[in-house]
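**Q** Please read through the structure below; I'll follow up with questions.
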Amino acid sequence: MNVDAIIIGAGACGLMCAVQAGFLGKKVIVLEKNSKPGAKILISGGGRCNYTNQFATTEQFISANPHFLKSSFNQWTVDDTISFFETYGIVGGEKTLGQLFPVDKNAKDIVAVFTSLCEEMEQEIWCNIDVKDIEQTSEGFKVSYVLGEKTKSIIAPKVVVASGGLPIPKMGATDFALRFARNNGLNIIETAPALVPLTITGKDEDWYAQLSGNSVFCEVSNDEMSFEENILFTHWGLSGPAILQISSYWRRGEVFNINLLPNQNIIELIEEERKTNGKTLLSTLLNRFYAKKFTDALGKFLPLTKTVADLSKSEMELIFKTIHEFKVKPAGDKGYDKAEVMRGGIDTNEISSKTLECKKIPGLYFGGECMDVTGWLGGYNFQWAWASGFVIAQNI
Ligand SMILES: Cc1cc2nc3c(=O)[nH]c(=O)nc-3n(C[C@H](O)[C@H](O)[C@H](O)COP(=O)(O)OP(=O)(O)OC[C@H]3O[C@@H](n4cnc5c(N)ncnc54)[C@H](O)[C@@H]3O)c2cc1C
């Protein structure tokens, strides 16, 4: 078959790459393991797809080489994402913190933009294809795959690995990119689930479990990073946006900090209250900021039934530490079944930042989540997937 490139994976990166290549008159075939393209786009943002972030810069990404992204983000900007989708009828609305979601449309419409354009430009997407290997031959790259019971292959001068990361195996995720990279001597930055809920076991488990379903606006931080968003208590530990964000910076065994009352100082609040009404109970004061259930649970640590006037110096210190420096030591995370992304991946030093071509294997490109580029929660990961798809399309 006469094609310019084979793209492995009809996810965010592979689909953008196919469309952009089509705009340049290049013919590609996309090979996809699932029965339909764009599985993760469809489930993203609760089916609404947070497709970019207005404030995305290279700063909201974790990578061993933080400068790597600059070239791709210069070539394909957030404005490019916004106007690309607007051209095809998808207008974005900000939900919070710069996160753009389609207004009056959803994730299905995002996928439909790509499938319609592919159809129009005769870019083929072959589904139910499980790619097993890529070999270099004198005729080009030979991509071997399994379709049903049969093993087949296809040859092309260039190949794009856009097969994603390890999260959500039941949605088609495979270790193909990592395995291929490893087998070809490429370095891998250690991988782990990221943007993932964290579990609490042992003596604290029941305390967290009793609060299941409650969410509290907090500042969650460790030595590297801090995030101000909600945390959500669950019967097995902690979730919610602030926890997902810090999980990407958390390593097993580490403790992180939760400030349960960011932007205010509980000691100042108590002292203010003492001036006007010293008989206010600590619980009454805390109920101004938290749901009663949460205040009651803080009773495990704090003298809730004391009046603010009666609190001793050591009790004030305890209150400060509990409210502003609440320490959490998760037992682990919920793993790849619940993670939104993978941290780590193919070392960016193996790849040209300008073209995304593999330095050791000319003609082979990597894009999207399989690489050591991990974005924060909030549309950043799609911005990288679109940008990398675009950049590769210019070069295949
Ligand atoms: C629940 C959930 C919600 C999310 N919400 C958001 C959000 O709102 N905003 C955001 O920015 N990010 C979100 N993400 C992250 C985002 O989905 C990913 O970062 C993005 O999809 C990565 O794009 P990709 O093209 O690299 O990989 P994918 O989109 O994962 O695409 C890879 C494709 O390759 C296919 N594949 C894998 N192995 C093979 C093989 N051997 N042969 C053939 N095909 C193969 C897979 O089936 C898949 O279709 C979310 C992730 C999850 C899990």
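**Q** Which part of the range 292-329 falls in the paramagnetic zone of THR284, meaning amide N under 13 Å from the point 7 Å along Cα-to-beta-carbon?
**A** So the set is 305-310.
**Q** Residue farthest toward the positive end of the dipole of the chain, with Cβ of Lys/Arg at +1 and Asp/Glu at -1: which of GLY11, ALA39, LEU298?
**A** Of GLY11, ALA39, LEU298, it is LEU298.
**Q** Averaged per residue, what accessible area in Å² does the chain show with a 1.4 Å probe, protein chains only?
**A** For the chain, the solvent-accessible area averages 44 Å² per residue.
**Q** Within 10 Å of each candidate Cβ there may be at most 13 other Cβ atoms; applying that plus a DSSP loop requirement, which trypsin sites (Lys or Arg not before Pro) in the range 187-262 survive?
**A** Passing both the DSSP loop test and the Cβ count: ARG251, ARG252.
**Q** Mind putting a number on the dipole of the chain about its Cα centre? Charges go on the C-beta only, +1 for Lys and Arg and -1 for Asp and Glu, and I need it in Debye to the nearest 20.
**A** My answer is approximately 600 debye.
**Q** Report ³J(HN,Hα) in whole Hz for each residue of the range 67-78, in order, from the Karplus equation J = 6.51 cos²θ - 1.76 cosθ + 1.60 where θ = phi - 60°; Gly and Pro get x.
**A** Result, ordered by residue: 7, 4, 5, 3, 5, 4, 6, 6, 6, 9, 9, 4 Hz.
**Q** Find which of HIS67, PHE84, VAL113 sits farthest along the positive direction of the dipole of the range 53-173, computed with +1 on the beta-carbon of Lys and Arg, -1 on that of Asp and Glu, about the Cα centre.
**A** HIS67
**Q** Next question, about the same structure. What FRET efficiency do you get for SER35 and ARG179 if R0 is 30 Å and r is their Cβ-Cβ distance, rounded to the nearest 0.05?
**A** Plugging the Cβ-Cβ distance into 1/(1 + (r/R0)^6) gives 0.85.
**Q** What list of ³J(HN,Hα) couplings, whole Hz, do you get for the range 54-66 from phi and the Karplus terms 6.51, -1.76, 1.60, once you set θ to phi - 60° and write x for glycine and proline?
**A** 4, 9, 5, 9, 6, 5, 9, 10, 9, 7, 5, 10, x
**Q** Let me ask something additional. Express the carbon and sulfur contribution to the solvent-accessible surface of the range 114-227 as a percent, rounded to the nearest whole number, probe 1.4 angstrom.
**A** Heavy-atom surface of the range 114-227 belonging to carbon and sulfur, 1.4 Å probe: 44 percent.
**Q** Taking amide H atoms as placed 1.01 Å from N in the peptide plane, list the residues 5 or more away in sequence, or in a different chain, whose amide H sits under 5 Å from that of SER353.
**A** none
**Q** Roughly what would the spin-label model give for LEU24 and THR57, points 7 Å off Cα along C-beta, in nm?
**A** 2.9
**Q** With a cut-off of 8 Å between alpha carbons and a minimum separation of six or more residues, what is the relative contact order of the chain in percent?
**A** So the answer I get is 25 percent.
**Q** What distance in nm separates the two pseudo spin-label positions at LYS150 and LYS292, each 7 Å out from Cα along the beta-carbon direction?
**A** About 6.8 nm separates the two model spin labels.
**Q** Among LYS142/LYS338; LYS279/LYS321; LYS306/LYS329, which pairs are too far apart, with a Cα-Cα distance over 27 Å?
**A** Beyond 27 Å between Cα atoms: LYS142/LYS338; LYS306/LYS329.
**Q** If a paramagnetic tag sat 7 Å from the Cα of GLU120 along the Cα-Cβ line, which residues of the range 4-24 would have the backbone N under 19 Å from that point?
**A** Only 14-24 pass the distance filter.
**Q** Could I ask something else about it? Evaluate the distance, in nm, between pseudo-label points positioned 7 Å from the Cα of GLN394 and of MET225 along their respective Cα→Cβ axes.
**A** Reported label-point gap for GLN394 and MET225 is 2.7 nm.
**Q** Provide the net charge surrounding ILE200, with neighbours chosen by a C-beta distance below 10 Å and charges set as Lys +1, Arg +1, Asp -1, Glu -1.
**A** Local charge sum for ILE200: -1.
**Q** Using a 1.4 Å probe on the protein heavy atoms, what percent of the accessible area of the range 240-320 belongs to carbon and sulfur?
**A** C and S atoms contribute 53 percent here.
The values are calculated or read from the model by the stated rules, or taken from the named source; none is laboratory data. Since we're looking at a predicted model, the values are computed, not measured. Backbone-built Cβ (ideal geometry, glycine too); neighbour counts: all protein chains shown. Just so you know, the surface numbers come from the protein's heavy atoms only, side chains and all, with ligands and any DNA or RNA stripped out. Shrake-Rupley method; radii C 1.70, N 1.55, O 1.52, S 1.80 Å.
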